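Since the structure comes first, as structure tokens, the remarks are kept for the end.
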Amino acid sequence: MNRSLSILTGIILSATLMGCSSSEQAEQLQQLTNKVDMLSDQVGALQSQQDQMAGAVNDARAAADAAYQEAMRANQRIDNIASSYSK
């Protein structure tokens, strides 16, 4: 009887410890899942910011090209005025 009780007690304690370790592992897994989700959100936000910056760079490049073309036209007009002017 004592031997049966000892074995039964050992099985119950083992099951209890396994249950605790499983819940700890489940908690760790949940924490890691939360971290992965958080990192995924951050990556999405950074991608959005990068897209916005790329758009701003393209807009700035277009504005710079337009300013360059306008400056070239102005220089051409000045050159035409200078060549047609005579003393």
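Worth a mention:
- Residues that are within 11 Å of the chain's Cα centre (by Cα) and open to solvent by 100 Å² or more (accessible area, probe 1.4 Å) within region 35-46 comprise 38, 41, 46, listed in sequence order.
- Search result, residues across region 49-73 that are among the hydrophobic types (A, V, I, L, M, F, W, C) and under 23 Å from the mean Cα position of the chain (by Cα): 53, 54, 56, 57
- Summed over region 47-87, residues that are among the aromatic types (Phe, Trp, Tyr) and either surrounded by 10 or more Cβ atoms within 10 Å (Cβ to Cβ) or part of a helix (DSSP H, G or I) (or both) total 1.
The values are calculated or read from the model by the stated rules, or taken from the named source; none is laboratory data. Just so it is clear, the model here is predicted, and its values are computed rather than measured. Note that we place each Cβ from the backbone using ideal geometry, even for glycine, and neighbour counts take in every protein chain shown. For accessibility, only protein heavy atoms count, side chains too; no ligands or nucleic acids. Shrake-Rupley method; radii C 1.70, N 1.55, O 1.52, S 1.80 Å.
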